[in-house]
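No value in this document is a laboratory result; all are computed from the given coordinates. As the structure is a computational prediction, the values presented were derived from the model and not from experiment. When we count neighbours, we look across all protein chains shown, and the Cβ atoms used for this are built from the backbone with ideal geometry, even at glycine.
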Amino acid sequence: MKKRSSGKIQEKLLELWQADTQREQEKSERILESKNEWFDKYEENYGNEPVKSISPKKRKVDKSTGNKNNTRRQSFPRSRSRSRKLRLREFFGNTNYEDGSLVRNKKGTNPQPNRDKHLEEYINCLKQTANTNIVDSHVKSNLPKSQQKTIKKLQNDESIIIKEADKGGGIVIMDKDHYKDMVLNQLEDGLFYQKLNGNRDKSTMSKIRKLIKEYSDNLTDKEKDYLKNFEVKTSNFYGLPKIHKSKEIQDHVENCDSMYIKINRPTDLKIRPIIAGPSCSTQRLSNLLDILLKPLCIKVPSFVRDDMDFLNYIPDRVPLDTILILNSAKGFLPILHKSEKMKDLVDKSQLIGSRRQAPNLKKLLTRAQFSTQKVAEIQKCGDPRCGTCEMLEVGQSKTLKSGTVIKPNKSMNCKSENVIYCATCPTCNKNYIGQTNRLIDRVRVHKQQIKDPSIRNSPCSEHFDRCGKGKFKIYPFFKMWTEDKIPREAKEQYFIELYKPALNRK
Ligand SMILES: [Zn+2]
Ligand SMILES: [Zn+2]
């Protein structure tokens, strides 16, 4: 402050500061007041249940009044997809699908807003509260860069393979060729394994299609679609080292006083074979069978129906030092207290809570896939009735009209999902880049738009009709890591700006 500043200025400043603090104080008082109000209301509705145990989905908008004050402040990072889910639930109801299908493919169905005005009001409230509380979905790693690099290096080290131990949760680092020998040793046992001529996924799928045709009358169209049209991935075979069964390792452990042991290839180490096929050819059929068989499970003597049923199985008396392990102590405690006998039995202090594990080194470094560093390739699915096979461009790369060569980030076929694709005019080779959650659906839509000008919403359909004489080629080249539409659209935009395909211009 300059010398000329007299007492007057200081007075003025003091005044300003005081006004400022006054405002701040009033503001915090108002916040406190509204918080108290909220808690009062909360207590009225829920008594003294702990705040966190009530999830927002249990709260419904009062249909008769549409009272939006019922909505609680809560952060919803993805309110858009949540809104869609809510409308879908209203649209389809909570139980089976409207046509009676037990299973079906996920679709990009977006029910129109404003079917139910109370629901819309609820959605609006959610959006407003969510926007003030945006949570960044990209959580920063808490590891320093150098350690992240080391982990990457270990992951990509082709000379070793890292697996969890079959029992005990230890981590085992093996020479890759040693692991390979053990796996092959296992697979060469003709009693349990049979050598196949090539991949059987396609023939299994055609058997499933035959089966569906045979029982066509018993399945809805959506169920048939669910069973037939999905991205088949061949199951992985891997082995977990049974270090607890190896005498050589056990002896070594006993004579060793450290966090880890190092041992030359033990001759008596065996592996437990695991076949993991989360999207193998029969997975969908198994899921449907599971749904069909579930109602019959109650006939099995060892069946436990629900929490109360479970309580009936708990013995009247157990030894004093019995330990009860609960999957989620907080959620389970009220259930246990429903039973008088358990209430006396369960002492809170003796409960061991178990949680889902956070990502750790073991999870980061062990994986089912035996990396063979295959080059990603686009292939036809081979289904004789597939409408996409004939349009699909195959191979490990594609050259755009501009001369740019694009290579797919993953191997894909007609049934691939959540992809960015390039559609090409067969006459002039001009390109169009788009995104879709299901490639076969997108090909269908493009075909419809080419046939019917009234439903066209992209300029490329007109071009394919006129210049391509109603034909186009399609090449998926980027497989998304998520089913979410928003990042997919962002990626699509990124590629459009990168490659500037002629047919994306309006
Ligand atoms: Zn196909
Ligand atoms: Zn053309």
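If you count Lys pairs in the range 446-498 whose Cα atoms are under 19 Å apart, skipping same-chain pairs closer than 8 places in sequence, the total is 7.
Here the gap between S203 and T234, fully extended at 0.36 nm per residue and compared with their Cα-Cα distance, gives a gain of 9.9 nm. For M412, the residues whose amide H sits under 5 Å from its own are E377, I378, Q379, ignoring neighbours fewer than 5 places away on the same chain, with H placed 1.01 Å from N. The N264 and I151 beta-carbon pair, evaluated with R₀ = 30 Å, returns a calculated FRET efficiency of approximately 0.70. Extension gain, Y215 to V300: 0.36 nm times the residue separation minus the Cα-Cα distance gives 27.9 nm.
Taking 0.36 nm per residue of separation and subtracting the Cα-Cα distance, full extension of the segment from L498 to K12 would add 169.3 nm.
Positive contributions from Lys and Arg (+1) and negative ones from Asp and Glu (-1), summed over other residues with Cβ under 9 Å from the Cβ of C386, come out at +1.
Working from label points 7 Å from Cα in the Cα-to-Cβ sense, the Q283 to K167 distance is 3.0 nm. Annotation for R317 and Q22: the two label points, set 7 Å from Cα along the Cα-Cβ direction, are 7.6 nm apart.
Under the simplified labelling scheme, the E188-K363 pair shows an inter-label distance of 3.8 nm, with each label point 7 Å from Cα along Cα→Cβ.
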